[in-house]
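*Asks:* The structure that follows is given in the form of C-alpha coordinates.
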Amino acid sequence: MRSMRAFSIAALAAVGLAAGACGGGGSTPIVPTPVSPPPTAGEPTPPAGGPVDPNDWTVAAVANLALGYTGAQGVWTGFDPGEHPSVVPYRSDGGEVESALAINFPAPEKLGDATALSADPPFRSLHRIANVNADIKTKLREIPYFDFNLVLGGVDSFVMVAGGGDAFLDPSRLDWTSFFIHEMFHRYQFARFGGRRGAQDIENYAFDADNIAMATLEERALKEAVTAGDRATREAAARRFAAIRSTRFLADRRVVLDHDQERFEGSARYLEHRMAGDDTRFRRHGGNYEAGLVGDPDALSQRRLGIKEYYAFVRFYATGAAVLRALDLLGAAGADRSVEGGESPADVLIEHLGVSQPDMPGLIADARAAYDPDNELPAAAERAAAAAAKEGPVFPE
(Lines give C-alpha, C1' and ligand atoms only; values in the text may rest on other atoms or scores of the structure.)
Protein backbone atom coordinates (compact mmCIF):
# COMPACT_ATOMS: atom_id res chain seq x y z
CA MET A 1 0.00 0.00 0.00
CA ARG A 2 1.39 3.37 -0.92
CA SER A 3 1.75 6.04 1.66
CA MET A 4 -1.32 8.26 1.94
CA ARG A 5 1.08 11.19 1.68
CA ALA A 6 2.00 10.36 -1.91
CA PHE A 7 -1.14 11.50 -3.69
CA SER A 8 -2.71 14.70 -4.93
CA ILE A 9 -6.45 15.11 -5.24
CA ALA A 10 -5.89 17.42 -8.19
CA ALA A 11 -3.82 14.78 -9.97
CA LEU A 12 -6.70 12.33 -9.59
CA ALA A 13 -9.37 14.72 -10.85
CA ALA A 14 -9.41 13.06 -14.25
CA VAL A 15 -11.31 10.13 -12.75
CA GLY A 16 -13.60 12.21 -10.57
CA LEU A 17 -13.54 14.33 -7.44
CA ALA A 18 -11.18 12.79 -4.92
CA ALA A 19 -10.70 9.52 -6.73
CA GLY A 20 -9.34 6.82 -4.46
CA ALA A 21 -5.71 5.80 -4.69
CA CYS A 22 -4.29 2.48 -3.76
CA GLY A 23 -1.59 0.08 -4.81
CA GLY A 24 -0.99 -0.66 -8.45
CA GLY A 25 -0.19 -4.03 -9.90
CA GLY A 26 1.03 -5.79 -6.80
CA SER A 27 -0.79 -7.63 -4.04
CA THR A 28 -1.02 -5.17 -1.19
CA PRO A 29 -2.74 -5.19 2.20
CA ILE A 30 -6.42 -4.29 2.27
CA VAL A 31 -6.38 -0.92 3.95
CA PRO A 32 -8.57 2.14 3.52
CA THR A 33 -7.50 4.24 0.59
CA PRO A 34 -5.82 7.63 0.92
CA VAL A 35 -8.90 9.44 -0.35
CA SER A 36 -12.44 8.33 -0.95
CA PRO A 37 -13.62 7.29 -4.41
CA PRO A 38 -15.16 9.64 -6.96
CA PRO A 39 -18.77 10.72 -6.58
CA THR A 40 -19.26 10.24 -10.33
CA ALA A 41 -21.03 6.88 -10.21
CA GLY A 42 -24.47 8.39 -10.59
CA GLU A 43 -24.48 10.23 -7.26
CA PRO A 44 -26.12 13.67 -7.04
CA THR A 45 -23.96 16.72 -6.51
CA PRO A 46 -25.11 18.95 -3.62
CA PRO A 47 -24.77 22.73 -3.75
CA ALA A 48 -21.24 23.98 -3.25
CA GLY A 49 -20.38 25.66 0.02
CA GLY A 50 -19.42 29.29 0.12
CA PRO A 51 -15.88 30.58 0.59
CA VAL A 52 -14.34 30.29 4.03
CA ASP A 53 -12.65 33.24 5.71
CA PRO A 54 -9.45 31.94 7.34
CA ASN A 55 -10.22 34.16 10.31
CA ASP A 56 -13.42 32.29 11.15
CA TRP A 57 -13.19 29.00 9.24
CA THR A 58 -13.70 27.18 12.52
CA VAL A 59 -17.32 28.36 12.65
CA ALA A 60 -18.21 26.44 9.48
CA ALA A 61 -16.07 23.46 10.46
CA VAL A 62 -17.62 23.13 13.92
CA ALA A 63 -21.19 23.53 12.63
CA ASN A 64 -20.76 20.87 9.96
CA LEU A 65 -18.82 18.48 12.15
CA ALA A 66 -21.54 18.76 14.78
CA LEU A 67 -23.91 17.28 12.20
CA GLY A 68 -21.44 14.52 11.44
CA TYR A 69 -20.62 13.63 15.05
CA THR A 70 -24.29 13.64 16.06
CA GLY A 71 -25.42 11.62 13.06
CA ALA A 72 -22.68 9.01 13.41
CA GLN A 73 -23.26 8.31 17.09
CA GLY A 74 -24.93 4.98 17.66
CA VAL A 75 -24.86 3.89 14.00
CA TRP A 76 -22.10 1.32 14.46
CA THR A 77 -21.88 -0.40 17.81
CA GLY A 78 -18.67 0.71 19.49
CA PHE A 79 -17.90 3.67 17.24
CA ASP A 80 -18.21 7.13 18.77
CA PRO A 81 -16.47 10.01 16.95
CA GLY A 82 -16.09 11.78 20.28
CA GLU A 83 -13.65 9.15 21.51
CA HIS A 84 -11.03 10.07 18.90
CA PRO A 85 -8.86 13.12 19.68
CA SER A 86 -8.78 15.05 16.41
CA VAL A 87 -6.89 17.95 14.88
CA VAL A 88 -7.93 19.91 11.79
CA PRO A 89 -5.09 22.02 10.37
CA TYR A 90 -6.25 24.86 8.12
CA ARG A 91 -3.91 25.67 5.25
CA SER A 92 -3.44 28.75 3.14
CA ASP A 93 -3.71 28.45 -0.63
CA GLY A 94 0.05 28.12 -0.59
CA GLY A 95 -0.08 25.12 1.73
CA GLU A 96 1.11 26.72 4.96
CA VAL A 97 -0.58 25.69 8.19
CA GLU A 98 -2.14 28.91 9.44
CA SER A 99 -4.17 27.64 12.37
CA ALA A 100 -5.85 24.50 13.63
CA LEU A 101 -8.93 23.20 15.39
CA ALA A 102 -8.46 20.70 18.22
CA ILE A 103 -11.48 18.51 18.93
CA ASN A 104 -11.72 16.54 22.18
CA PHE A 105 -7.97 16.94 22.44
CA PRO A 106 -6.64 16.49 25.99
CA ALA A 107 -3.58 18.77 25.71
CA PRO A 108 -4.35 21.59 23.24
CA GLU A 109 -1.66 23.83 24.73
CA LYS A 110 0.94 21.43 23.33
CA LEU A 111 -0.14 22.29 19.80
CA GLY A 112 0.28 26.07 20.01
CA ASP A 113 -1.62 29.03 21.42
CA ALA A 114 -4.92 27.42 22.40
CA THR A 115 -8.18 29.32 22.84
CA ALA A 116 -11.18 27.42 24.19
CA LEU A 117 -14.33 27.63 22.06
CA SER A 118 -17.86 26.96 23.22
CA ALA A 119 -18.22 23.17 23.20
CA ASP A 120 -21.77 21.97 23.31
CA PRO A 121 -22.65 18.31 22.68
CA PRO A 122 -21.65 16.33 20.69
CA PHE A 123 -18.23 17.84 21.52
CA ARG A 124 -16.45 17.56 24.83
CA SER A 125 -13.93 20.30 24.08
CA LEU A 126 -13.00 22.57 21.17
CA HIS A 127 -9.90 24.74 20.87
CA ARG A 128 -8.73 27.08 18.16
CA ILE A 129 -4.95 26.84 17.81
CA ALA A 130 -3.04 29.92 16.66
CA ASN A 131 0.74 30.14 16.24
CA VAL A 132 0.98 26.39 15.77
CA ASN A 133 4.23 25.09 17.28
CA ALA A 134 7.01 24.60 14.73
CA ASP A 135 7.39 20.86 15.33
CA ILE A 136 3.62 20.32 15.07
CA LYS A 137 3.45 22.45 11.95
CA THR A 138 6.19 20.38 10.32
CA LYS A 139 4.24 17.18 10.93
CA LEU A 140 0.98 18.66 9.69
CA ARG A 141 2.59 20.08 6.56
CA GLU A 142 3.52 16.56 5.43
CA ILE A 143 -0.08 15.32 5.38
CA PRO A 144 -1.95 15.91 2.11
CA TYR A 145 -5.40 14.98 3.40
CA PHE A 146 -5.55 12.95 6.61
CA ASP A 147 -3.69 10.66 8.97
CA PHE A 148 -5.32 7.96 11.07
CA ASN A 149 -2.75 7.87 13.87
CA LEU A 150 -0.43 10.86 14.12
CA VAL A 151 1.15 11.59 17.48
CA LEU A 152 0.83 15.30 18.21
CA GLY A 153 1.83 16.71 21.58
CA GLY A 154 2.09 13.14 22.86
CA VAL A 155 -1.49 12.31 21.79
CA ASP A 156 -2.40 9.66 19.21
CA SER A 157 -4.59 11.82 16.99
CA PHE A 158 -6.81 11.65 13.95
CA VAL A 159 -5.94 14.46 11.54
CA MET A 160 -8.05 15.83 8.68
CA VAL A 161 -6.78 18.72 6.59
CA ALA A 162 -8.97 21.72 5.66
CA GLY A 163 -8.38 24.58 3.25
CA GLY A 164 -5.39 24.78 0.96
CA GLY A 165 -7.45 26.24 -1.87
CA ASP A 166 -8.98 22.84 -2.66
CA ALA A 167 -12.79 22.82 -2.84
CA PHE A 168 -12.88 19.23 -1.64
CA LEU A 169 -11.17 20.29 1.61
CA ASP A 170 -13.44 23.27 2.19
CA PRO A 171 -14.85 22.80 5.72
CA SER A 172 -18.02 24.68 4.79
CA ARG A 173 -18.95 21.82 2.44
CA LEU A 174 -20.76 18.79 3.77
CA ASP A 175 -18.69 16.60 1.45
CA TRP A 176 -15.76 17.43 3.73
CA THR A 177 -17.79 16.40 6.77
CA SER A 178 -18.62 13.03 5.20
CA PHE A 179 -14.98 12.59 4.23
CA PHE A 180 -13.93 13.34 7.82
CA ILE A 181 -16.30 10.78 9.37
CA HIS A 182 -15.54 8.15 6.70
CA GLU A 183 -11.80 8.31 7.34
CA MET A 184 -12.18 8.52 11.12
CA PHE A 185 -14.17 5.29 10.92
CA HIS A 186 -11.19 3.67 9.16
CA ARG A 187 -9.12 4.56 12.21
CA TYR A 188 -11.67 2.69 14.32
CA GLN A 189 -11.68 -0.27 11.90
CA PHE A 190 -7.92 -0.76 12.09
CA ALA A 191 -8.09 -0.86 15.85
CA ARG A 192 -11.19 -3.01 16.21
CA PHE A 193 -11.99 -5.08 13.11
CA GLY A 194 -10.99 -8.72 13.26
CA GLY A 195 -10.72 -11.30 10.53
CA ARG A 196 -8.82 -11.25 7.26
CA ARG A 197 -7.78 -8.13 5.45
CA GLY A 198 -6.77 -9.95 2.31
CA ALA A 199 -4.95 -8.37 -0.59
CA GLN A 200 -5.99 -5.36 -2.66
CA ASP A 201 -4.89 -6.91 -5.95
CA ILE A 202 -6.78 -4.68 -8.35
CA GLU A 203 -4.80 -5.41 -11.50
CA ASN A 204 -5.29 -9.17 -11.24
CA TYR A 205 -9.01 -9.00 -10.59
CA ALA A 206 -11.48 -10.94 -12.77
CA PHE A 207 -12.19 -8.62 -15.70
CA ASP A 208 -13.65 -11.33 -17.91
CA ALA A 209 -17.08 -10.88 -19.48
CA ASP A 210 -18.74 -13.53 -17.30
CA ASN A 211 -17.76 -11.85 -14.05
CA ILE A 212 -18.60 -8.37 -15.32
CA ALA A 213 -22.03 -9.54 -16.47
CA MET A 214 -22.78 -11.24 -13.16
CA ALA A 215 -21.44 -8.33 -11.09
CA THR A 216 -23.68 -5.96 -13.03
CA LEU A 217 -26.67 -8.25 -12.60
CA GLU A 218 -26.10 -8.36 -8.85
CA GLU A 219 -26.03 -4.54 -8.77
CA ARG A 220 -29.46 -4.46 -10.37
CA ALA A 221 -30.78 -6.94 -7.82
CA LEU A 222 -29.21 -4.99 -4.98
CA LYS A 223 -30.72 -1.75 -6.24
CA GLU A 224 -34.18 -3.28 -6.05
CA ALA A 225 -33.43 -4.70 -2.60
CA VAL A 226 -32.84 -1.20 -1.20
CA THR A 227 -35.49 0.71 -3.16
CA ALA A 228 -38.51 -1.60 -3.29
CA GLY A 229 -41.47 -0.42 -1.26
CA ASP A 230 -42.57 -3.76 0.13
CA ARG A 231 -40.74 -6.40 2.10
CA ALA A 232 -41.57 -9.32 -0.20
CA THR A 233 -40.01 -7.60 -3.21
CA ARG A 234 -36.99 -6.50 -1.18
CA GLU A 235 -36.41 -10.01 0.10
CA ALA A 236 -36.81 -11.59 -3.33
CA ALA A 237 -34.26 -9.16 -4.78
CA ALA A 238 -31.88 -9.74 -1.86
CA ARG A 239 -32.10 -13.51 -2.40
CA ARG A 240 -31.22 -13.02 -6.07
CA PHE A 241 -28.24 -10.90 -5.06
CA ALA A 242 -27.12 -13.57 -2.59
CA ALA A 243 -27.29 -16.28 -5.25
CA ILE A 244 -25.38 -14.22 -7.80
CA ARG A 245 -22.64 -13.24 -5.34
CA SER A 246 -22.22 -16.83 -4.14
CA THR A 247 -22.02 -18.10 -7.72
CA ARG A 248 -19.46 -15.46 -8.66
CA PHE A 249 -17.28 -16.41 -5.71
CA LEU A 250 -17.50 -20.13 -6.48
CA ALA A 251 -16.58 -19.44 -10.12
CA ASP A 252 -13.59 -17.22 -9.35
CA ARG A 253 -12.03 -16.79 -5.93
CA ARG A 254 -10.67 -13.38 -6.92
CA VAL A 255 -14.16 -12.17 -6.08
CA VAL A 256 -12.96 -12.28 -2.47
CA LEU A 257 -11.81 -8.72 -3.21
CA ASP A 258 -15.48 -7.70 -3.26
CA HIS A 259 -15.97 -9.12 0.23
CA ASP A 260 -12.80 -7.61 1.69
CA GLN A 261 -13.39 -4.13 0.29
CA GLU A 262 -17.07 -4.14 1.20
CA ARG A 263 -16.12 -4.87 4.83
CA PHE A 264 -13.93 -1.80 5.05
CA GLU A 265 -14.93 0.75 2.43
CA GLY A 266 -18.53 -0.41 2.14
CA SER A 267 -19.16 -0.16 5.86
CA ALA A 268 -17.54 3.30 5.95
CA ARG A 269 -19.78 4.43 3.09
CA TYR A 270 -22.79 2.95 4.91
CA LEU A 271 -21.85 5.07 7.92
CA GLU A 272 -21.91 8.17 5.69
CA HIS A 273 -25.46 7.42 4.57
CA ARG A 274 -26.66 6.64 8.10
CA MET A 275 -24.90 9.71 9.50
CA ALA A 276 -26.74 12.02 7.07
CA GLY A 277 -30.13 10.40 7.66
CA ASP A 278 -32.87 12.46 6.02
CA ASP A 279 -30.64 15.48 5.46
CA THR A 280 -30.49 15.62 1.67
CA ARG A 281 -27.93 18.40 1.75
CA PHE A 282 -25.40 15.58 2.06
CA ARG A 283 -24.34 13.89 -1.16
CA ARG A 284 -24.97 10.49 0.40
CA HIS A 285 -27.94 10.24 2.74
CA GLY A 286 -30.53 7.80 3.95
CA GLY A 287 -32.60 8.00 0.79
CA ASN A 288 -30.04 7.16 -1.90
CA TYR A 289 -28.08 4.03 -1.09
CA GLU A 290 -28.56 2.99 -4.71
CA ALA A 291 -26.92 6.11 -6.15
CA GLY A 292 -23.47 4.55 -6.64
CA LEU A 293 -24.76 1.35 -8.26
CA VAL A 294 -24.30 2.03 -11.98
CA GLY A 295 -25.75 -1.26 -13.20
CA ASP A 296 -24.58 -0.78 -16.80
CA PRO A 297 -21.00 -1.19 -18.06
CA ASP A 298 -21.79 0.93 -21.12
CA ALA A 299 -22.63 3.88 -18.86
CA LEU A 300 -19.27 4.04 -17.10
CA SER A 301 -17.54 6.19 -19.71
CA GLN A 302 -20.21 8.87 -19.24
CA ARG A 303 -19.15 9.01 -15.60
CA ARG A 304 -15.44 9.18 -16.42
CA LEU A 305 -14.87 5.77 -14.89
CA GLY A 306 -12.72 3.03 -16.38
CA ILE A 307 -13.91 -0.56 -16.44
CA LYS A 308 -11.12 -1.78 -14.18
CA GLU A 309 -11.41 1.18 -11.88
CA TYR A 310 -15.12 0.61 -11.36
CA TYR A 311 -15.36 -3.17 -11.15
CA ALA A 312 -12.27 -3.70 -8.98
CA PHE A 313 -12.46 -0.62 -6.79
CA VAL A 314 -15.18 2.05 -6.93
CA ARG A 315 -18.26 -0.18 -6.87
CA PHE A 316 -17.38 -1.82 -3.56
CA TYR A 317 -18.18 1.35 -1.63
CA ALA A 318 -21.74 1.35 -2.94
CA THR A 319 -22.32 -2.41 -2.93
CA GLY A 320 -21.07 -2.76 0.65
CA ALA A 321 -23.23 0.12 1.86
CA ALA A 322 -26.28 -1.19 0.01
CA VAL A 323 -25.89 -4.72 1.38
CA LEU A 324 -25.77 -3.34 4.92
CA ARG A 325 -28.85 -1.26 4.15
CA ALA A 326 -30.63 -4.36 2.85
CA LEU A 327 -29.80 -6.12 6.10
CA ASP A 328 -31.38 -3.21 8.00
CA LEU A 329 -34.52 -3.38 5.87
CA LEU A 330 -34.80 -7.13 6.37
CA GLY A 331 -34.49 -6.80 10.13
CA ALA A 332 -31.16 -8.59 10.52
CA ALA A 333 -29.92 -7.74 14.01
CA GLY A 334 -26.22 -7.52 14.88
CA ALA A 335 -24.86 -7.19 11.34
CA ASP A 336 -22.28 -4.65 12.48
CA ARG A 337 -20.95 -7.06 15.10
CA SER A 338 -20.67 -9.83 12.50
CA VAL A 339 -18.83 -7.59 10.05
CA GLU A 340 -16.51 -6.28 12.74
CA GLY A 341 -15.83 -9.88 13.75
CA GLY A 342 -14.64 -10.86 10.28
CA GLU A 343 -17.61 -11.59 8.04
CA SER A 344 -18.33 -9.58 4.91
CA PRO A 345 -21.69 -7.80 4.59
CA ALA A 346 -22.57 -10.16 1.74
CA ASP A 347 -21.78 -13.22 3.87
CA VAL A 348 -24.01 -11.91 6.63
CA LEU A 349 -26.85 -11.37 4.14
CA ILE A 350 -26.43 -14.82 2.57
CA GLU A 351 -26.55 -16.44 6.01
CA HIS A 352 -29.53 -14.34 7.09
CA LEU A 353 -31.52 -15.39 4.02
CA GLY A 354 -30.42 -19.02 4.15
CA VAL A 355 -29.56 -19.13 0.46
CA SER A 356 -27.78 -22.38 -0.38
CA GLN A 357 -26.19 -23.83 -3.48
CA PRO A 358 -29.29 -25.73 -4.69
CA ASP A 359 -31.22 -22.43 -4.66
CA MET A 360 -28.76 -20.59 -6.86
CA PRO A 361 -29.62 -21.66 -10.43
CA GLY A 362 -33.31 -20.84 -10.02
CA LEU A 363 -32.61 -17.49 -8.34
CA ILE A 364 -30.13 -16.50 -11.04
CA ALA A 365 -32.63 -17.41 -13.75
CA ASP A 366 -35.18 -15.23 -11.96
CA ALA A 367 -32.66 -12.38 -11.79
CA ARG A 368 -31.93 -12.55 -15.52
CA ALA A 369 -35.63 -12.54 -16.31
CA ALA A 370 -36.23 -9.59 -13.99
CA TYR A 371 -33.19 -7.40 -14.67
CA ASP A 372 -32.05 -8.36 -18.18
CA PRO A 373 -35.18 -9.51 -20.00
CA ASP A 374 -33.77 -8.72 -23.46
CA ASN A 375 -30.47 -10.49 -22.72
CA GLU A 376 -28.43 -7.39 -23.53
CA LEU A 377 -26.03 -7.70 -20.63
CA PRO A 378 -23.74 -10.44 -22.05
CA ALA A 379 -22.86 -8.30 -25.09
CA ALA A 380 -22.30 -5.22 -22.91
CA ALA A 381 -20.03 -7.28 -20.65
CA GLU A 382 -18.03 -8.49 -23.66
CA ARG A 383 -17.46 -4.88 -24.70
CA ALA A 384 -16.43 -4.00 -21.17
CA ALA A 385 -14.01 -6.92 -20.93
CA ALA A 386 -12.41 -5.91 -24.24
CA ALA A 387 -12.05 -2.33 -23.01
CA ALA A 388 -10.55 -3.48 -19.70
CA ALA A 389 -7.88 -5.44 -21.58
CA LYS A 390 -6.71 -2.20 -23.18
CA GLU A 391 -6.68 -0.10 -20.03
CA GLY A 392 -3.48 0.63 -18.15
CA PRO A 393 -3.03 0.29 -14.40
CA VAL A 394 -5.79 1.85 -12.35
CA PHE A 395 -3.24 3.57 -10.13
CA PRO A 396 0.05 3.86 -12.02
CA GLU A 397 3.26 3.83 -10.03
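*Asks:* If you go through the range 107-156 one residue at a time, how many are under 15 Å from Leu65 (Cα atoms) and among the charged types (D, E, K, R)?
*Replies:* 3
*Asks:* Then there is this: Within the range 193-202, is there a residue that is of a type in the set (S, T, N, Q), touching a strand residue (DSSP E or B) at 6+ places or on another chain (Cβ under 8 Å) and not in a helix (DSSP H, G or I)?
*Replies:* Checked the range 193-202: at least one residue is of a type in the set (S, T, N, Q), touching a strand residue (DSSP E or B) at 6+ places or on another chain (Cβ under 8 Å) and not in a helix (DSSP H, G or I).
*Asks:* Next up: Which one of these does Asp230 not meet: (1) in contact with a His (Cβ under 9 Å, 6 or more places away or on another chain); (2) surrounded by fewer than 21 Cβ atoms within 10 Å (Cβ to Cβ)?
*Replies:* (1)
*Asks:* So Ala221 clears everything in (1) more than 19 Å from Ile307 (Cα to Cα); (2) more than 17 Å from the chain's Cα centre (by Cα); (3) in contact (Cβ under 8 Å) with a residue 60 or more places away in the chain; (4) not in a helix (DSSP H, G or I) except one condition, right? Which one?
*Replies:* (4)
*Asks:* Also: Any idea how many residues of the range 154-175 are surrounded by 20 or more Cβ atoms within 10 Å (Cβ to Cβ) and on the phi > 0 side of the Ramachandran plot?
*Replies:* 2
*Asks:* Please find, among Pro34, Pro46, the residue that is touching a helix residue (DSSP H, G or I) at 6+ places or on another chain (Cβ under 8 Å), at pLDDT below 90 and closer than 19 Å to Arg274 by Cα.
*Replies:* Criteria check complete, one pass: Pro46.
*Asks:* Something else now. Take the range 134-167 and flag every residue that is more than 14 Å from Ala102 (Cα to Cα) and touching a Phe, Trp or Tyr at 6+ places or on another chain (Cβ under 7 Å).
*Replies:* Pro144, Phe148, Gly163
*Asks:* A further question on this structure: Look at Phe148 and say whether it is part of a helix (DSSP H, G or I), outside the structural domain of His273 (by TED's automatic domain parsing) and under 19 Å from the mean Cα position of the chain (by Cα).
*Replies:* Answer is no for this residue.
*Asks:* With (1) more than 16 Å from Ser172 (Cα to Cα); (2) over 20 Å from the mean Cα position of the chain (by Cα); (3) surrounded by fewer than 23 Cβ atoms within 10 Å (Cβ to Cβ); (4) at pLDDT 95 or above as the list, and Ala63 as the residue in question, which single condition is left unmet?
*Replies:* Going through the list (1) more than 16 Å from Ser172 (Cα to Cα); (2) over 20 Å from the mean Cα position of the chain (by Cα); (3) surrounded by fewer than 23 Cβ atoms within 10 Å (Cβ to Cβ); (4) at pLDDT 95 or above, Ala63 breaks only (1).
*Asks:* Note down all Cβ pairs under 7 Å where the first residue falls in the range 373-395 and is outside any loop (DSSP other than H, G, I, E, B), the second is surrounded by 13 or more Cβ atoms within 10 Å (Cβ to Cβ) and among the β-branched types (Val, Ile, Thr), and they're at least six residues apart or on different chains.
*Replies:* Partner pairs satisfying both residue conditions: Leu377/Thr216; Ala381/Ile212; Ala381/Thr216; Ala384/Ile212; Ala384/Ile307; Ala385/Ile212; Ala387/Ile307; Ala388/Ile307.
*Asks:* Looking for something in contact with a helix residue (DSSP H, G or I) (Cβ under 6 Å, 6 or more places away or on another chain), among the polar types (S, T, N, Q) and either closer than 15 Å to Arg274 by Cβ or at pLDDT 95 or above (or both) - is there at least one such residue anywhere in the range 349-362?
*Replies:* Among the residues of the range 349-362, not one is in contact with a helix residue (DSSP H, G or I) (Cβ under 6 Å, 6 or more places away or on another chain), among the polar types (S, T, N, Q) and either closer than 15 Å to Arg274 by Cβ or at pLDDT 95 or above (or both), which makes the answer no.
*Asks:* Another one. Given the residues Asp347, Asp296, Asp359, which is the only one that is under 22 Å from Ser246 (Cβ atoms), surrounded by fewer than 20 Cβ atoms within 10 Å (Cβ to Cβ) and in the same structural domain as Gln261 (by TED's automatic domain parsing)?
*Replies:* From the options Asp347, Asp296, Asp359, the qualifying one is Asp359.
*Asks:* Give the residue, chosen from Asp93, Asp120, Asp147, that is among the acidic types (Asp, Glu) and surrounded by 22 or more Cβ atoms within 10 Å (Cβ to Cβ).
*Replies:* Just one listed residue meets the conditions, Asp147.
*Asks:* Still on this structure, please answer the following. Collect the residues in the range 160-218 that are in contact with a Gly (Cβ under 9 Å, 6 or more places away or on another chain), farther than 27 Å from Gly277 by Cβ and of a type in the set (Ser, Thr, Tyr), keeping them in residue-number order.
*Replies:* Hit for the range 160-218 is Thr216, nothing else.
*Asks:* Out of the residues in the range 314-333 that are without any contact (Cβ under 8 Å) to a residue 60 or more places away in the chain and not in a helix (DSSP H, G or I), which is surrounded by the fewest Cβ atoms within 10 Å (Cβ to Cβ)?
*Replies:* Gly331
The values are calculated or read from the model by the stated rules, or taken from the named source; none is laboratory data. If you're wondering where the values come from, they're calculated on a predicted model, not measured in any experiment. Here the Cβ is made from the backbone with ideal geometry for all residues, glycine too, and neighbour counts use every protein chain on show.
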